[in-house]
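First the structure, in the form of structure tokens, and then the observations on it.
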Ligand code: SF4
């Protein structure tokens, strides 16, 4: 898949990961938070993730 050099990502278990390097292949991703108020990096995540088969 074509790497989008504007979106770095190390989650190679995702079906949208470019696989050969550390980038996402999507043009756009949606970042989400897990708490009402995000106070730490761990409370944010990629909402566009889908598990690779
Ligand atoms: S959709 Fe999110 S988790 Fe998946 S490769 Fe792109 S940035 Fe990474």
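The values are calculated or read from the model by the stated rules, or taken from the named source; none is laboratory data. Treat the numbers as computed from the prediction; the structure is a model and nothing was measured. Cβ coordinates were reconstructed from backbone atoms using ideal geometry, including for glycine residues, and neighbour counts include every protein chain displayed.
Brief remarks follow.
- Pairs, first at pLDDT below 95 in the stretch 24-37, second within 15 Å of the ligand (Cβ to nearest atom), C-beta under 7 Å, six or more apart: 34/45
- Annotation: residue 43 fulfils all but one of (1) loosely packed, with under 13 Cβ neighbours inside 10 Å; (2) more than 10 Å from the ligand (Cβ to nearest atom); the unmet one is (1).
Every residue, every condition in (1) part of a loop (DSSP other than H, G, I, E, B); (2) within 11 Å of the chain's Cα centre (by Cα); (3) near the ligand (Cβ under 8 Å from one of its atoms), yes or no:
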| position | (1), (2), (3) |
| --- | --- |
| 2 | yes, no, no |
| 6 | no, no, no |
| 26 | yes, yes, yes |
| 29 | yes, yes, yes |
| 32 | no, yes, no |
| 35 | yes, no, no |
| 38 | yes, no, no |
